[in-house]
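See structure below.
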Amino acid sequence: MSFSFFLFFRRYYKIFAVLIFTFLFFFVYNNFLVDRSLVNLKLALAETYQINEAGDLQRIQSLLKLPLMEQITRRDVSAQDLVLLETANKAASSESYDKQASDIRFYLKTAIENQESKRGEFLKLLDKLNKRIYKPMSLPKEKLRAQARSLLNRIHSTKDTSLLQSAYYDLGNIYIQLSAYSQAEEAFLKAIELNSDTDIALKSRFNLAWVYKTIGQNDKALKYFEELSVQAKQKDMELLKSSEFQVADTFYRKGDFEKSRDKYAELAYDHNMDDTVLVALLEAGNTSLYKLDDLVAARKYYNDFYLCRLTGLPPQANKEKAEIIPGVRKSASELTNQLARSSYTSAVDLTDKRLSSFKVNSLRKKGFSLLRSKRYVEAEEFFRKVIEIAPKDARSYSGLSLALLWQEDKKAESLENAAQAYVLAPQDRIVLINTLFVYSHYHFASKAIEVGENALKPGQLPIEWPEFYYNLAYAYIINSNMDKAAINFVKSIALALDPDIKKAYNNLGCAYLLLKNYKMAIANLEEAVQEDPKYLNSIFNLGVAYYMIDDLANAKEQFSSVLKLNPAHEEAMDYLEKIIYLQSRYNL
């Protein structure tokens with residue numbers, strides 16, 4: 001049988017189509033859409049979780065070279081992105097690898113978030129699809145050398161000053177990426193010489209100063225950066241912040257740590273809130289603590305770093321609004337004292353833990369607030385957010401079980417979350433109370449009683465929560481154990497401090513009714529009515545209690561009161577009809 005290409009293609013064309021599409025996708029993405037610096041940042045971030053020796057930091061430095069070079073050579077430099085990358089690179093150059101991982105991780109995560117926010121949803125989706133084949137990307141040196149030759153040809157043939165200045169600036173940037181710093185210096189100096197008043201000249205000065213700093217000529221770098229801190233004030237805020245940060249960083253490289261710390265602080269307190277301010281505060285704190293042994297200053301800067309991360313406001317605004325969030329300043333003070341006591345603990349680590357805890361508490365609190373407002377779907381969303389952040393937060397599982405309880409067709413999930421909460425925290429007050437309630441609501445009385453009795457076993461902490469005994473009593477009612485229901489309702493009433501005690505009195509009265517102890521039933525139901533004269537359930541139950549001891553006059557009075565509150569109450573109508581019949585029949 002002869003081979004037929006047409007039949008072969010017809011049978012397998014779908015496979016060919018998928019292979020061709022896949023090839024084209026990766027070709028287009030990797031050649032035109034991929035953000036090379038973002039790829040390296042993500043790889044560098046992954047490396048921070050595997051730092052075990054100084055050599056691991058060198059790999060991070062290598063990965064950071066491309067994004068740092070691309071950022072420094074941009075015409076529209078982003079101060080916060082440049083600062084984040086420079087500080088991450090500085091931390092990675094430290095010999096104290098065990099001290100730097102958390103700080104580097106903070107810088108890189110923030111830089112990645114900033115870059116991803118500029119990518120758009122479609123490109124971010126492509127990044128996710130392609131992330132499994134990420135590999136380190138390096139500067140395309142041959143391509144850069146070709147661009148440099150092209151620019152040199154243009155420079156030799158151009159007489160227009162503006163075009164010539166732009167060409168020298170671009171040439172200097174290419175030499176930076178090629179690490180040809182002497183040629184970069186020459187190109188930037190020529191760009192400045194052509195016209196010192198242009199924006200290109202300003203940026204050329206910045207890049208020239210950065211070259212001097214990189215090759216260790218710190219005094220020259222400092223001169224240019226300090227001049228730029230004045231010149232850029234009216235022209236380019238991003239360049240201004242970048243220059244001020246570079247001044248602080250250059251003093252640090254010179255070993256003048258006090259001036260470095262003070263310059264970081266000036267930057268942090270003089271500008272509106274962004275990542276540059278956060279990094280400056282963190283660097284001011286680190287320099288104070290680890291280079292100057294100044295614990296007082298370290299506390300101050302770490303305190304402000306924590307508050308800024310928490311509120312999203314600049315330091316001066318947090319000072320003006322000290323009451324902005326109750327307990328925040330106390331929490332910040334505790335954190336900075338803990339940091340200052342430790343031989344080395346990352347400020348980022350500690351603030352991350354505190355921020356996570358604060359966020360968890362805030363979201364959980366909002367969830368329970370929504371529960372009280374009967375906004376169950378919204379409450380569910382908040383509890384799920386907490387569980388994403390803190391998968392072992394028992395109270396959020398407990399709150400979620402309540403939010404689901406009041407929604408249709410959520411029984412199984414509600415019970416599952418109640419059980420999970422109890423496993424995580426079997427002695428927690430909120431968890432115990434809610435677990436009893438959820439099990440009783442779904443008539444899993446035996447399970448509720450088991451939970452309650454386990455909590456009351458000898459050796460456990462004493463329980464003095466009225467809601468606990470109230471819910472346990474309700475479980476005993478469902479289980480037809482009225483004696484124990486009565487005992488637990490009594491405990492609930494003895495412990496209760498809130499005005500809603502009427503429900504406990506009412507339920508205790510009902511338990512005594514079922515036990516046929518009508519005297520005690522009447523006593524407790526009268527307490528419930530006294531607590532709330534319009535509490536219809538207690539009035540009705542009191543009428544039933546009087547009816548059972550043949551006190552028809554009082555029973556009639558109670559059922560008449562029920563009908564005044566609710567004229568459509570059928571059971572009260574039935575009892576009244578019986579009473580009227582008995583009174584007329586037997587002349588009572």
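The values are calculated or read from the model by the stated rules, or taken from the named source; none is laboratory data. Keep in mind it's a predicted model, so treat the numbers as computed, not measured. We place every Cβ from the backbone using ideal geometry, glycine too, and count neighbours over all the protein chains shown.
For region 443-457, enumerate the residues that are surrounded by 13 or more Cβ atoms within 10 Å (Cβ to Cβ) and more than 19 Å from Val423 (Cβ to Cβ). The answer is Ala445, and nothing else. Here Val451 passes the criteria (1) touching a Ser or Thr at 6+ places or on another chain (Cβ under 6 Å); (2) part of a loop (DSSP other than H, G, I, E, B) except the one numbered (2). Taking Ala572 as the residue in question, decide whether it is of a type in the set (A, V, I, L, M), over 30 Å from Ile433 (Cα atoms) and not in a helix (DSSP H, G or I). No, not satisfied.
Considering every residue within region 34-57, establish whether at least one is closer than 28 Å to Ala167 by Cβ, surrounded by fewer than 16 Cβ atoms within 10 Å (Cβ to Cβ), under 31 Å from the mean Cα position of the chain (by Cα) and at pLDDT 70 or above. Within region 34-57 (the criterion being closer than 28 Å to Ala167 by Cβ, surrounded by fewer than 16 Cβ atoms within 10 Å (Cβ to Cβ), under 31 Å from the mean Cα position of the chain (by Cα) and at pLDDT 70 or above), the answer is no, since none of the residues qualifies. Restricted to region 84-105, and to residues there that are modelled with pLDDT of 70 or more and out of contact with any helix residue (DSSP H, G or I) (no Cβ under 6 Å at 6 or more places or on another chain), the residue that is farthest from Leu281 (Cα to Cα) is Ser93.
Looking only at region 447-497, count every residue that is among the aromatic types (Phe, Trp, Tyr) and more than 38 Å from the chain's Cα centre (by Cα) and tell me the total. Outline the logic, then answer.
Residues of region 447-497 among the aromatic types (Phe, Trp, Tyr): 465, 468-470, 474, 476, 489.
From what's left, more than 38 Å from the chain's Cα centre (by Cα): 474, 476, 489.
Looking only at that region, the number is 3.
Every residue, every condition in (1) surrounded by 20 or more Cβ atoms within 10 Å (Cβ to Cβ); (2) farther than 17 Å from Ile433 by Cβ, yes or no:
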residue: Gly459; (1), (2): no, yes
residue: Glu464; (1), (2): no, no
residue: Glu467; (1), (2): yes, no
residue: Tyr470; (1), (2): yes, no
residue: Ile478; (1), (2): no, no
residue: Ala486; (1), (2): yes, yes
residue: Leu495; (1), (2): no, no
residue: Tyr505; (1), (2): yes, yes
residue: Leu508; (1), (2): yes, yes
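Within region 382-410, the set of residues being farther than 18 Å from Ser357 by Cα and either crowded, with 21+ Cβ neighbours inside 10 Å or at pLDDT 95 or above (or both) comprises Leu400, Ser401, Leu402, Ala403, Leu404, Leu405.
Considering only helices (runs of 4 or more DSSP H) fully contained in region 228-329, which possess at least 2 residues that are modelled with pLDDT of 85 or more and either in contact with a strand residue (DSSP E or B) (Cβ under 9 Å, 6 or more places away or on another chain) or among the hydroxyl-bearing types (Ser, Thr, Tyr) (or both)? Walk me through how you get there before you give the answer.
Numbers: elements: 237-254, 257-270, 275-290, 295-311, 315-320.
Because the criterion is at least 2 residues that are modelled with pLDDT of 85 or more and either in contact with a strand residue (DSSP E or B) (Cβ under 9 Å, 6 or more places away or on another chain) or among the hydroxyl-bearing types (Ser, Thr, Tyr) (or both), the helices (runs of 4 or more DSSP H) in region 228-329 that meet it are 237-254, 257-270, 275-290.
Is it true that some residue in region 411-431 is surrounded by 21 or more Cβ atoms within 10 Å (Cβ to Cβ), β-branched (Val, Ile, Thr), closer than 30 Å to Lys516 by Cβ and touching a residue at least 12 places away in the same chain (Cβ under 8 Å)? Taking every residue of region 411-431 in turn, none turns out to be surrounded by 21 or more Cβ atoms within 10 Å (Cβ to Cβ), β-branched (Val, Ile, Thr), closer than 30 Å to Lys516 by Cβ and touching a residue at least 12 places away in the same chain (Cβ under 8 Å).
Might you check whether a residue that is farther than 21 Å from Lys235 by Cα and surrounded by fewer than 23 Cβ atoms within 10 Å (Cβ to Cβ) occurs anywhere in region 186-201? Explain how you work it out, then say what you get.
If we filter region 186-201 for residues that are farther than 21 Å from Lys235 by Cα, which is where we start, we get 186-187, 190.
Narrowing the set further to residues that are surrounded by fewer than 23 Cβ atoms within 10 Å (Cβ to Cβ) leaves 186, 190.
Within region 186-201, one or more residues are farther than 21 Å from Lys235 by Cα and surrounded by fewer than 23 Cβ atoms within 10 Å (Cβ to Cβ).
Filter region 212-250 down to residues that are touching a Leu at 6+ places or on another chain (Cβ under 7 Å), free of Cβ contacts under 8 Å to residues at least 40 places away in the same chain and among the hydrophobic types (A, V, I, L, M, F, W, C) and give me whichever is farthest from Ile200 (Cα to Cα). Once the filter is applied, the top-ranked residue is Ala248. Being buried (at least 24 other Cβ atoms within 10 Å of the Cβ) and either touching a Cys at 6+ places or on another chain (Cβ under 7 Å) or among the aromatic types (Phe, Trp, Tyr) (or both), is that true of even one residue in region 212-219? No, that holds for no residue.
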